[in-house]
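A short write-up of the structure that comes next.
The values are calculated or read from the model by the stated rules, or taken from the named source; none is laboratory data. Note that the structure is predicted; figures quoted are calculated from it, not measured. Note that each Cβ is placed from the backbone with ideal geometry, even for glycine, and that neighbours are counted across all protein chains shown.
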Amino acid sequence: MVSSRSKRLARFGATYSCSRRKDINKVVDFIDIEDITEKASLCRCWRSKNWPYCDGSHGAHNKATGDNTGPVVVRHKETK
């Protein structure tokens, strides 16, 4: 079954990994949580020029495709 997001992307000729590391079969990134000071916004639209971190490029992507993607925010667990 094809998702509605995939249909929207296909209609605009877009793909998730538009030009990122096409020389490998599957792109996998690891970030050690110890490297994150307070929080980090990670890109999910694949358009960031500061990969793997979000630079806000999803705004233009969302406007062009009708999508609603945003970053994944990773943060340290709050202690109570």
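With respect to residue 63, is the statement that it is over 26 Å from residue 77 (Cα atoms) and at pLDDT 70 or above true? Answer is yes for this residue. Taking the conditions (1) buried (at least 16 other Cβ atoms within 10 Å of the Cβ); (2) outside any loop (DSSP other than H, G, I, E, B); (3) over 11 Å from the mean Cα position of the chain (by Cα); (4) not β-branched (Val, Ile, Thr) in turn, residue 41 satisfies each one other than (3).
With the structure loaded, tell me whether residue 47 is modelled with pLDDT under 70 and either out of contact with any strand residue (DSSP E or B) (no Cβ under 9 Å at 6 or more places or on another chain) or part of a helix (DSSP H, G or I) (or both) or whether it fails that test. Judged against the criteria, residue 47 is not a match.
Assess whether residue 7 counts as being modelled with pLDDT of 70 or more and more than 20 Å from residue 73 (Cβ to Cβ). Here the answer is no, as residue 7 does not meet what is asked.
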